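What follows is a set of notes on a single structure, which appears directly below.
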Amino acid sequence: MRTALLQSSGRPGSVAENLKVLDAAAGRAAAAGAALLVAPEMFLTGYAIGDDIARLAEPAHGEAADAIAELAARHGLAVAYGYPERDGEAVFNSAQLISADGTRLANYRKTHLFGCFERDHFTPGEQPVVQAELNGLTVGVIICYDVEFPENVRAHALAGTDLLLVPTAQMHPFQFVAESLVPVRAFENQMYVAYVNRVGREGEFEFVGLSTLAGPDGIARARAGRGEQLVIADADPHLLAASREANPYLKDRRPGLYGSLTGS
């Protein structure tokens, strides 16, 4: 499945402008044959926008979701994007996947919040594995810091995820996560990982870009630089099947030895 990674911080604080950026990127991705476009963490509103997070948060089925469903259907490709989700009084750091016909397929709430900024503005999610079927692949969703916990990604591997989407707001000086950790996660769990970052300075944060689609062989199929960029690569189910046969990590596990890993 041809997958497009939109490395951009959009226009922080403006949902309308970010929808325009996403629409334009969807057009370019569709023209290149992509079946899926993935945007970064909190792309809909911006990340470092303080109290505007709560003001701009909306339900998973809100107006912005409807607008993205319309553009997905118009361009004929699925879209995954990060946004602040309001559910009653709670606000979650969420990511939603919408199909090429505008159907809402999956909505994930970030389970591991990073730093004081996120803990001050968000409620942590409680569902570690969220998946949907898309073009013959099982697609999973987590967000940024979640991928740094091997338990999260292994849970997806055990649940059958083929392509793990990771909308991200990964900042300096942690670029080694994009450069080294993400390809290793893809290899040790025998899946594709689409890690899609913000870029540039935003408030107190400097986002480093380096978005990547890493394959089950640990090789980056696409790698962005440090600027705004749309990169495209394929998640190949045939390569995935061959790699899983050659690297049977999941078959060779011995869960009986790992009981201590679930301790507090």
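The values are calculated or read from the model by the stated rules, or taken from the named source; none is laboratory data. What you see is a predicted model; the values in this text were computed from it and never measured. Positions of Cβ are backbone-derived with ideal geometry, glycine not excepted, and every protein chain shown enters the neighbour counts. Surface accessibility is based on the protein's heavy atoms, side chains included, excluding ligands, DNA and RNA. Shrake-Rupley method; radii C 1.70, N 1.55, O 1.52, S 1.80 Å.
Ala169 meets each of the listed conditions (1) without any contact (Cβ under 8 Å) to a residue 60 or more places away in the chain; (2) surrounded by 22 or more Cβ atoms within 10 Å (Cβ to Cβ); (3) assigned to a loop (DSSP other than H, G, I, E, B) apart from (1).
Comparison of Ser260, Ser264 shows that the only residue that is among the hydroxyl-bearing types (Ser, Thr, Tyr), modelled with pLDDT under 95, farther than 20 Å from Met1 by Cβ and outside any helix (DSSP H, G or I) is Ser264.
Do you know which of the residues in region 64-114 that are basic (Lys, Arg) and in contact with an Asp or Glu (Cβ under 9 Å, 6 or more places away or on another chain) is surrounded by the most Cβ atoms within 10 Å (Cβ to Cβ)?
Keep residues of region 64-114 that are basic (Lys, Arg), which gives 74, 86, 104, 109-110.
With in contact with an Asp or Glu (Cβ under 9 Å, 6 or more places away or on another chain) added as a condition, the list becomes 74, 86, 109-110.
Values: Arg74: 14, Arg86: 19, Arg109: 22, Lys110: 26.
Across region 64-114, the extreme among qualifying residues is Lys110.
Evaluated against (1) open to solvent by 10 Å² or more (accessible area, probe 1.4 Å); (2) without any contact (Cβ under 8 Å) to a residue 40 or more places away in the chain; (3) assigned to a loop (DSSP other than H, G, I, E, B), Pro12 falls short on exactly one condition, (2).
Taking the numbered list (1) outside any helix (DSSP H, G or I); (2) more than 21 Å from Val231 (Cα to Cα); (3) in contact with a Lys or Arg (Cβ under 8 Å, 6 or more places away or on another chain) in turn, Gly46 passes all entries but (2).
Among the residues making up region 28-63, those that are touching a Gly at 6+ places or on another chain (Cβ under 9 Å) and open to solvent by less than 10 Å² (accessible area, probe 1.4 Å) are Ala39, Pro40, Glu41, Met42, Phe43, Leu44, Thr45, Gly46, Tyr47, Ile53. Is region 216-229 home to any residue that is of a type outside the set (A, V, I, L, M, F, W, C), open to solvent by 50 Å² or more (accessible area, probe 1.4 Å) and in contact with a helix residue (DSSP H, G or I) (Cβ under 6 Å, 6 or more places away or on another chain)? Yes, region 216-229 contains at least one residue that is of a type outside the set (A, V, I, L, M, F, W, C), open to solvent by 50 Å² or more (accessible area, probe 1.4 Å) and in contact with a helix residue (DSSP H, G or I) (Cβ under 6 Å, 6 or more places away or on another chain).
Do we have any residue at all in region 180-191 that's within 16 Å of the chain's Cα centre (by Cα), under 15 Å from Leu6 (Cα atoms) and not aromatic (Phe, Trp, Tyr)? Among the residues of region 180-191, not one is within 16 Å of the chain's Cα centre (by Cα), under 15 Å from Leu6 (Cα atoms) and not aromatic (Phe, Trp, Tyr), which makes the answer no. The residue that is farthest from Ala39 (Cα to Cα), among those in region 231-264 that are of a type in the set (Lys, Arg) and open to solvent by 70 Å² or more (accessible area, probe 1.4 Å), is Arg254.
Annotation: of all residues in region 115-126 being assigned to a loop (DSSP other than H, G, I, E, B) and in contact with a Leu (Cβ under 6 Å, 6 or more places away or on another chain), the one that is most open to solvent (accessible area, probe 1.4 Å) is Pro124. Exactly one residue out of Val129, Val141 is of a type in the set (A, V, I, L, M) and open to solvent by less than 10 Å² (accessible area, probe 1.4 Å): that is Val141. Contact map, region 54-81: first residue acidic (Asp, Glu), second residue open to solvent by 50 Å² or more (accessible area, probe 1.4 Å), Cβ cut-off under 7 Å, separation 6 or more or different chains; pairs are Glu58/Arg86.
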